[in-house]
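No lab work stands behind these numbers, since they all come straight from the coordinates. All of these numbers come straight from a predicted model, not from anything done at the bench. Cβ sites come from the backbone with ideal geometry, for glycine too, and all protein chains shown count toward neighbours.
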Amino acid sequence: MKQEIFEIKAQLSRIEAMLNELLALQAAFKNKENKARESPKPPNMSLDDTAKALNTWRKENEAQEDGKENILRIRDVVKRVGMSKATIYRLVDAGKFPKQINIGVKATGWIESEVDEWLLSLIEGRQ
């Protein structure tokens with residue numbers, strides 16, 4: 001009987017330790033989730049300010065790279081233009097977005113300056 005009580009207490013102790021670990025993991029997860037929600041928001045800029053900032057950024061990058069072009073993969077293009085992959089490919093097919101180039105057997109990319117020029121044309125066309 002004493003042996004059974006001792007085993008039950010040992011099992012309860014292990015269960016309590018596991019429960020404490022689970023509670024700690026849950027708290028850590030909630031903390032990460034809250035930090036993700038508090039991510040900084042982009043500044044609220046006018047179209048003129050956005051165009052100026054993009055032009056300035058482009059000039060600085062061109063000066064630093066001495067004529068080297070960067071290649072953007074689809075995930076980078078999606079982030080930069082704020083459109084889905086399907087929309088981007090649809091615009092490429094319609095001739096309304098810069099065409100991608102082959103950079104490998106099964107890899108394509110976009111020339112960064114062409115994507116930037118396309119964005120600027122949208123901004124300037126809206127003004």
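Structural remarks
- In this simple spin-label model, placing a label point 7 Å from the Cα along the Cα-to-Cβ direction at both I71 and L122 gives a separation of 2.4 nm.
- Where labels lie 7 Å past Cα in the beta-carbon direction, separation of N20 and R80 in nm: 5.3 nm
- Over the range 47-126, Cα pairs under 8 Å with separation of 6+ residues give a relative contact order of 36 percent.
- Entries in K52/K85; K30/K79; K52/K79; K68/K106; K30/K85 that, when Cα-Cα distance is taken, lie over 25 Å: K52/K85; K30/K79; K30/K85
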